[in-house]
1. For W150, indicate whether it is modelled with pLDDT of 95 or more, among the aromatic types (F, W, Y) and closer than 27 Å to D36 by Cα.
2. Go through the stretch 18-43 and report how many residues are modelled with pLDDT under 95 and surrounded by fewer than 12 Cβ atoms within 10 Å (Cβ to Cβ).
3. Counting just the residues of the stretch 46-68 that are in contact with a Ser or Thr (Cβ under 8 Å, 6 or more places away or on another chain) and within 7 Å of the ligand (Cβ to nearest atom), which one comes out nearest to R25 (Cα to Cα)?
4. Of everything in the stretch 153-177 that's surrounded by fewer than 19 Cβ atoms within 10 Å (Cβ to Cβ) and in a strand (DSSP E or B), which residue is nearest to the ligand (Cβ to nearest atom)?
5. Need a quick list: strands (runs of 3 or more DSSP E) entirely within the stretch 1-113 having at least 1 residues that are free of Cβ contacts under 8 Å to residues at least 24 places away in the same chain.
6. For the stretch 69-97, name all the residues that are within 8 Å of the ligand (Cβ to nearest atom) and more than 16 Å from P11 (Cβ to Cβ).
7. Restricting attention to the stretch 114-128, which residues are under 15 Å from the mean Cα position of the chain (by Cα) and either closer than 20 Å to L148 by Cα or part of a helix (DSSP H, G or I) (or both)?
8. Which of the residues belonging to the stretch 131-152 are in contact (Cβ under 8 Å) with a residue 40 or more places away in the chain and outside any helix (DSSP H, G or I)?
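The values are calculated or read from the model by the stated rules, or taken from the named source; none is laboratory data. Fair warning: this is a prediction, and the values are worked out from it, not measured in the lab. Here the Cβ is made from the backbone with ideal geometry for all residues, glycine too, and neighbour counts use every protein chain on show.
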Amino acid sequence: MSIPKNHYFNPRPAVASRPHTVRLRSGEVDLHLMVDRGVFGARGIDLGTLTLLKEAPAPPASGEVLDLGAGYGPIAIVLAKASPHARVWAVDVNERAVELSRANAVSAATPNLVACVPEEVPAELRFDAIYSNPPVRVGKQAMRQLLLQWLGRLTPDGQAHLVVQRNLGADSLVKWLREEGWNVGRIKAKKGYRVITVVARPA
Ligand SMILES: C[S@@+](CC[C@H](N)C(=O)[O-])C[C@H]1O[C@@H](n2cnc3c(N)ncnc32)[C@H](O)[C@@H]1O
């Protein structure tokens, strides 16, 4: 698929950089994060992101945790704060977003956060938990492919928590996950969003 030049999932956004900050408030966390043009959520923390942070279960206390499509890092930073002994991977294709995540991790004092592009995640690494506000705008097939690729890297007891807007296909995503053999656990409906838990091992 050819990627539109100015889309938020372009590896190197063509639009000129103009950084600014947005406020992230979630539970105990109250921080200003650096954002930029050409990156998802540059106008403020996305409502889906806030919904995931509020409704998804807390991350495991230790182990490997993935924020798939981390953008400038709001989800990954809250996870890293909540579980300082876990390692949180903030993974994104957009290099500008990865740099912002890295800078935001420093200012948020979360040394347990590793921000990188997908190719930099060691191939043998498995995740105890995955959190994602996935990139619906890449198209249905591309997003499903991406989810399959990373869900397959959950540990046997691992869980993934995905937030998807109901009118952007949350219910058909659940149906498809089940058809693909994934055990979909809790589905929390909130403000037009679904927070979907996928369990690696069937109960
Ligand atoms: C809906 S945004 C969420 C961003 C961030 N987690 C937040 O909550 O603000 C989805 C992110 O997925 C990223 N993305 C798109 N395709 C990807 C891929 N193949 N691998 C990793 N990240 C990808 C986009 O660049 C974008 O930052």
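1. Details: modelled with pLDDT of 95 or more: yes; among the aromatic types (F, W, Y): yes; closer than 27 Å to D36 by Cα: yes.
Considered against the rule, which asks whether it is modelled with pLDDT of 95 or more, among the aromatic types (F, W, Y) and closer than 27 Å to D36 by Cα, W150 comes out as yes.
2. Number satisfying all stated conditions: 4.
3. Within the stretch 46-68, the match that is nearest to R25 (Cα to Cα) is D67.
4. Q165
5. 20-26, 29-35
6. G73, P74, I75, A76
7. Taking the stretch 114-128 and keeping what is under 15 Å from the mean Cα position of the chain (by Cα), we get 114-118, 121, 127-128.
Within the stretch 114-128, C116, V117, P118, V121, F127, D128 meet the criteria.
8. Scanning the stretch 131-152 gives Y131, S132, N133, P134, P135, G139.
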